[in-house]
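A short worksheet on the structure shown next.
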Amino acid sequence: MVANDRTCVGCRSADTKGSLVRVVRGPQGQIVPDPMGRLPGRGAYVHVRGDCMAAAVRGGLARAFRAPVELGADELAVAIEARLVVRRTGLLVAARRAGALAIGTDAVRDAIASRRVALLLVASDAAGRREELSAAVGRLGRACVEVGTKTELGALLGREEVGVVAVLDRGLAEAIASVSTDIAAASAARLAPRVDLGSRGRGADRARSGGRTPR
């Protein structure tokens, strides 16, 4: 394991810090996601994957914090997703302030023509030229990410509605794309059907009670 790697408390495999999300245990025992890695206190790391988050709440977090953890996998996924959305919002605001966004169909088309686009963001309910622009960006080898609705994307950018946005800065584009991938993964884990884990489920009860068998 290299110096900057961390171990996922779910699958227990090492990975880069950027591939994991840090979580901390608050003074009242609450688990708080810390994607920026700035919160004080002992931290643990987990992949934003359903199996890893499920294993984390079954005992991985309790072992890492050496304390009981009262949290379900869905709750962890919801908390991580919410914090990652805040992180992505901050990145979009920073890009807007830096003048690193092309907003709207015409501006995006110009950015594509000049090959300045590093990432295309589209609203889930965008219509019009969405497919055309997505295909054009794909031909440039750039990614396309879905980000909320037109109203939600517009609110972030100070407009009533926005359907498409091109990110022009490569570094910001990579950060936004990475966070968006994790948001989608957390959402998928939250919505995934659960199965009866039998004895593994009883292990979760023991982990949440600090390793003791509930009476």
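The values are calculated or read from the model by the stated rules, or taken from the named source; none is laboratory data. Note that the coordinates shown come from a computational prediction; the quantities given were computed from them, not determined experimentally. Here the Cβ is made from the backbone with ideal geometry for all residues, glycine too, and neighbour counts use every protein chain on show.
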Subset of region 17-41, residues outside any loop (DSSP other than H, G, I, E, B) and either outside the structural domain of LEU71 (by TED's automatic domain parsing) or over 23 Å from ARG58 (Cα atoms) (or both), comes to GLY18
Subset of region 21-69 (residues that are touching a Pro at 6+ places or on another chain (Cβ under 8 Å) and closer than 25 Å to GLY90 by Cα): VAL21, ARG22, VAL23, VAL24
State whether the residues of region 144-155 include one that is modelled with pLDDT under 95, over 30 Å from GLY29 (Cβ atoms), among the hydroxyl-bearing types (Ser, Thr, Tyr) and in a loop (DSSP other than H, G, I, E, B). yes
Could you check region 13-35 and list, in sequence order, the residues that are of a type in the set (A, V, I, L, M) and farther than 14 Å from ALA79 by Cα? ALA14, LEU20
Hey, ALA100 of a type in the set (A, V, I, L, M, F, W, C) and loosely packed, with under 15 Cβ neighbours inside 10 Å or not: no
For region 95-115, indicate whether the set of residues that are touching a residue at least 40 places away in the same chain (Cβ under 8 Å), hydrophobic (A, V, I, L, M, F, W, C) and within 27 Å of GLY50 (Cα to Cα) is non-empty. no
So, in region 27-57, exactly how many residues are touching a Leu at 6+ places or on another chain (Cβ under 9 Å) and polar (S, T, N, Q)? 1
In the list LEU71, LEU92, LEU153, which residue meets the criterion of being closer than 24 Å to ASP34 by Cα, in the same structural domain as LEU61 (by TED's automatic domain parsing) and surrounded by 18 or more Cβ atoms within 10 Å (Cβ to Cβ)? LEU71
Residue check: is LEU76 more than 21 Å from ILE176 (Cβ to Cβ), under 17 Å from the mean Cα position of the chain (by Cα) and buried (at least 18 other Cβ atoms within 10 Å of the Cβ)? yes
Single residue of LEU191, LEU119 found to be without any contact (Cβ under 8 Å) to a residue 24 or more places away in the chain and closer than 30 Å to ASP51 by Cβ: LEU191
